[in-house]
Amino acid sequence: MKRGLKYDFSLLALLLIPVGVSLNVVGYQLSTILKLPVFIDQIGTMMVSMIAGPWIGLLTGLLGNVVNGMLNPIAIAFGFVSMSIGFVSGFFSRWRMYTNVVGMLAAIIILTIVSAFTAAVVTVFMFGGVTGAGTDLVTAAFLATGRELWNSVLSTNLISGTINTVLNLAISWLIVRRIPNRFLVKLNYGGQYIKKGVLSHE
């Protein structure tokens, strides 16, 4: 079945965007205030993309960074990273990769590469390799070993990105698993997450 923008943008899916954005903002603020070496600011993007598809995931990622940018303008520049994560994650859900271990592992690897590369591009070419985040210390350590800036930033993002992806995806998946079946069944991508044997009781 052909799916595109019109398929993803149902009324119920649109109503999920504010929820996803709120989760992203809370995660971003915690990561920024506590100067964590990882970011938990993609929980909402991944959760929404899992049950509402790639285009809603992309929009949730963008809007989350726009809202965060009101408090920290640097976040706006990384909107492309969040959009990429939401878009790719949505397609993984469409292909039912989040319903089995092999698919989940593949998704983690690919999402890590996507987020690491896009974040490295933004970090190097827009901020000269320094963004004020906790990961700057890791980048500095790589630079101290004689590595070039691009390699240092990319290496840092691959390391932190792996942890970021695992944390964000695991929390997102747990949230989705807690969503009632009667709500999941109404979403275009929610059917695959319905808990078997309990639909009649919800």
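Quick notes on this structure:
- When the convex hull of its Cα atoms is viewed from all sides, the chain shows a mean projected area of 11.7 nm².
- When the chain is treated as a GNM with alpha-carbon contacts under 10 Å, the residue of PHE127, PHE87, PHE39 showing the greatest mean-square fluctuation is PHE127.
- 3J(HN,Hα) couplings calculated from phi for segment 104-118 with the Karplus curve 6.51 cos²θ - 1.76 cosθ + 1.60 (θ = phi - 60°) are, in sequence order, 5, 5, 5, 5, 4, 5, 5, 5, 5, 5, 4, 5, 5, 5, 5 Hz; Gly and Pro show x.
- Of the trypsin sites (Lys or Arg not before Pro) in segment 2-46, the ones in a loop by DSSP (not H, G, I, E or B) with at most 16 other beta carbons within 10 Å are LYS2, ARG3, LYS35.
- Residue-wise HN-Hα coupling along segment 20-29, computed from phi with Karplus coefficients 6.51, -1.76, 1.60 (Hz; x: Gly, Pro): x, 4, 4, 4, 4, 5, 4, x, 5, 5
- Here the Karplus curve 6.51 cos²θ - 1.76 cosθ + 1.60, taken at θ = phi - 60°, turns the phi angles of segment 30-43 into couplings of 4, 5, 6, 5, 8, 6, 5, x, 10, 10, 10, 9, 10, 4 Hz, with x standing for Gly and Pro.
- Rounded percent of accessible protein surface that carbon and sulfur make up, the chain, 1.4 Å probe: 74 percent
- Rolling a 1.4 angstrom probe over the protein heavy atoms with all chains in place gives the chain an accessible area of 49 Å² per residue.
The values are calculated or read from the model by the stated rules, or taken from the named source; none is laboratory data. On a predicted model such as this, the values are computed, not experimentally measured, just so you know. So basically every Cβ, Gly included, is an ideal-geometry build from the backbone, and we count neighbours across all protein chains shown. The protein model used for the area step is the full one, side chains on, heavy atoms only, and it has no ligands, DNA or RNA in it. Shrake-Rupley method; radii C 1.70, N 1.55, O 1.52, S 1.80 Å.
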